[in-house]
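**Q** The structure under discussion is supplied below as structure tokens; questions concerning it will follow.
The values are calculated or read from the model by the stated rules, or taken from the named source; none is laboratory data. Just so you know, these numbers come straight off a predicted model, no measurement behind them. Every residue, glycine among them, receives a Cβ derived from its backbone with ideal geometry; neighbour counts consider all protein chains shown.
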Amino acid sequence: MSVITRKGLSIGISRVNEHVFVELRAIGKLTHEDYETMTPMLEEALSEVRHPTIDALVDIRELEGWEARAAWDDFKLGMKHRKEWNRIAVVGNKPWEKVATKVGGWFTSGGAEYFEDVDAAVAWLDSED
């Protein structure tokens, strides 16, 4: 029996109460090709919004990391849209993810917070703080 390897990035829209946010889930080790697929879809969605202010729930509990070129793609995408990202709640389970979230928060207007619990992350996004 062959081993099944899952990887990828899913993008969705979620709503909690009256709050709408983007939901991203990363699985496996992300590649440059993953960003070549995802970036145009995200760019298209953002182009339709006049003055986007985006809150996001980013689930990286199944993320195994990035290829070097993919990490660069991620950084460039974040920097290009840094003024559009408001609050980012990152749900993870590894110590390095907490540090990466703190650093990433420096580049967003509303900041980023790290959580190990999805419900706590969603509650933070839904809060008025």
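**Q** Kindly check whether there is at least one residue in segment 34-51 that is acidic (Asp, Glu), under 25 Å from residue 4 (Cα atoms) and free of Cβ contacts under 8 Å to residues at least 40 places away in the same chain.
**A** Applying the first criterion (acidic (Asp, Glu)) to segment 34-51 yields 34, 36, 43-44, 48.
Next, from what is left, pick out any that are under 25 Å from residue 4 (Cα atoms): 34, 36.
Those still in the list that are free of Cβ contacts under 8 Å to residues at least 40 places away in the same chain too: 34, 36.
Yes, segment 34-51 has at least one match.
**Q** Additional query: Of all residues in segment 1-26, which are surrounded by 13 or more Cβ atoms within 10 Å (Cβ to Cβ) and within 12 Å of the chain's Cα centre (by Cα)?
**A** Matches in segment 1-26: 9, 11, 21, 22, 23, 24, 25, 26.
**Q** Please name all residue pairs, on different chains or six or more residues apart, with Cβ atoms under 8 Å, provided the first residue is in segment 100-129 and is without any contact (Cβ under 8 Å) to a residue 60 or more places away in the chain and more than 15 Å from residue 23 (Cα to Cα) and the second residue is of a type in the set (A, V, I, L, M) and part of a helix (DSSP H, G or I).
**A** 107/79
**Q** May I ask you to say which residue of 99, 103, 90 is of a type in the set (A, V, I, L, M) and within 21 Å of residue 6 (Cβ to Cβ)? Before you say what the answer is, go through the steps one by one.
**A** Values: 99 fails: within 21 Å of residue 6 (Cβ to Cβ); 103 fails: within 21 Å of residue 6 (Cβ to Cβ).
Only one candidate passes the filter, namely 90.
**Q** Return yes or no: is residue 77 touching a residue at least 24 places away in the same chain (Cβ under 8 Å) and either of a type in the set (Lys, Arg) or over 22 Å from residue 39 (Cα atoms) (or both)?
**A** Details: touching a residue at least 24 places away in the same chain (Cβ under 8 Å): yes; either of a type in the set (Lys, Arg) or over 22 Å from residue 39 (Cα atoms) (or both): no.
For residue 77, the condition - touching a residue at least 24 places away in the same chain (Cβ under 8 Å) and either of a type in the set (Lys, Arg) or over 22 Å from residue 39 (Cα atoms) (or both) - is not met.
**Q** Could you list all residues from segment 19-37 that are among the charged types (D, E, K, R) and more than 17 Å from residue 88 (Cα to Cα)?
**A** Of segment 19-37, the ones among the charged types (D, E, K, R) are 23, 25, 29, 33-34, 36.
Residues satisfying the conditions are 29, 33, 34, 36.
**Q** Let me ask something else. Within the set of pairs 6 or more residues apart or between chains, which connect a residue that is among the hydrophobic types (A, V, I, L, M, F, W, C) inside segment 8-21 to a residue that is surrounded by fewer than 11 Cβ atoms within 10 Å (Cβ to Cβ) with Cβ atoms less than 8 Å apart?
**A** Listed pairs, sorted by first residue: 20/13; 21/13; 21/15.
**Q** When residue 82 is evaluated against the numbered criteria (1) surrounded by 14 or more Cβ atoms within 10 Å (Cβ to Cβ); (2) among the charged types (D, E, K, R); (3) in contact with a Ser or Thr (Cβ under 8 Å, 6 or more places away or on another chain), which criterion, by number, is the only one it fails?
**A** Only one criterion is unmet by residue 82, namely (1).
**Q** Among the residues of segment 40-89, what is the count of those that are of a type in the set (Lys, Arg) and modelled with pLDDT of 80 or more? Walk me through it before giving the result.
**A** To start, the set of residues in segment 40-89 that are of a type in the set (Lys, Arg) comprises 50, 61, 69, 76, 80, 82-83, 87.
Adding the requirement that they be modelled with pLDDT of 80 or more leaves 61, 69, 76, 80, 87.
The total comes to 5.
**Q** Residue 111 versus (1) touching a strand residue (DSSP E or B) at 6+ places or on another chain (Cβ under 9 Å); (2) at negative phi; (3) modelled with pLDDT under 95: which is the lone unmet condition?
**A** Only one criterion in (1) touching a strand residue (DSSP E or B) at 6+ places or on another chain (Cβ under 9 Å); (2) at negative phi; (3) modelled with pLDDT under 95 is unmet by residue 111, namely (2).
**Q** State all residues of segment 27-39 that are under 11 Å from residue 11 (Cβ atoms), buried (at least 17 other Cβ atoms within 10 Å of the Cβ) and either hydroxyl-bearing (Ser, Thr, Tyr) or at pLDDT 90 or above (or both); if no residue qualifies, say none.
**A** none
**Q** Can you tell me which condition residue 101 does not meet? The list is (1) out of contact with any Gly (no Cβ under 8 Å at 6 or more places or on another chain); (2) polar (S, T, N, Q); (3) buried (at least 20 other Cβ atoms within 10 Å of the Cβ), and all the others hold.
**A** Only one criterion is unmet by residue 101, namely (1).
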